[in-house]
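The values are calculated or read from the model by the stated rules, or taken from the named source; none is laboratory data. Note that the structure is predicted; figures quoted are calculated from it, not measured. Here Cβ is always computed from backbone atoms with ideal geometry, including for glycine, and neighbour counts include all displayed protein chains.
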């Protein structure tokens, strides 16, 4: 009986402890705005760019841009209402699918979740001097978010606005141009990544569909050139 009473009296803490065992999840009983701003601060400290608090969608989102040597990624802290407050789930989405990370993404998610948990500990001390959500604030100036969506910046602290789908076109177009010019081995990447992006854009569009389509077509042409070159080399070897 004593054990049952102990469990009942500490049920909330037990549930929080169990949830934290999941590397991507954190439980908090802080008010939503405080918790979301804590996530924003954690994202900033982790070097995630263009972080924005989307109150309507219940998430904090930012990104790390793509280059020829790295994949672009979207980082999201999604909020879900629970009987004890809110559950925060951290997610990382690659802009271009297909890379093998050997568990790197899971480890990175766990590090971000730990960073958010640390910020939640001091959230009440940082919430008072941060701007209120857009609909209640007098924003200084609207600017375009790096991912294409609207972003409202306050004089200091978190940014409130609308999270936008990531732009995938630049990397795909670069691979496509390389594929039809000097490096045909890049063409299959442009074709595969382009088809994946076009499929993704059936439900959400980052605003660069035309660039993605161009890169995909160039990738297809590059693949044909690559096949032709392989056929020529093979026929020469047979002779």
(request) Go through the residues of the range 185-208 one by one and say whether even a single one is modelled with pLDDT of 75 or more and in contact with a strand residue (DSSP E or B) (Cβ under 8 Å, 6 or more places away or on another chain). (result) no
(message) Can you find, within the range 190-239, the residue that is farthest from residue 164 (Cα to Cα) among those that are in a loop (DSSP other than H, G, I, E, B) and under 19 Å from the mean Cα position of the chain (by Cα)?
(response) 202
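Among 109, 152, 172, 100, which is the only one that is under 20 Å from the mean Cα position of the chain (by Cα), at pLDDT 55 or above and within 22 Å of residue 37 (Cβ to Cβ)?
Within the list 109, 152, 172, 100, the selection yields 109.
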(request) Output the residues belonging to the range 112-140 that are in a helix (DSSP H, G or I), modelled with pLDDT under 80, surrounded by 13 or more Cβ atoms within 10 Å (Cβ to Cβ) and touching a helix residue (DSSP H, G or I) at 6+ places or on another chain (Cβ under 9 Å). (result) 123, 126
(request) Could you figure out which of (1) at pLDDT 80 or above; (2) crowded, with 21+ Cβ neighbours inside 10 Å isn't true of residue 178? (result) (2)
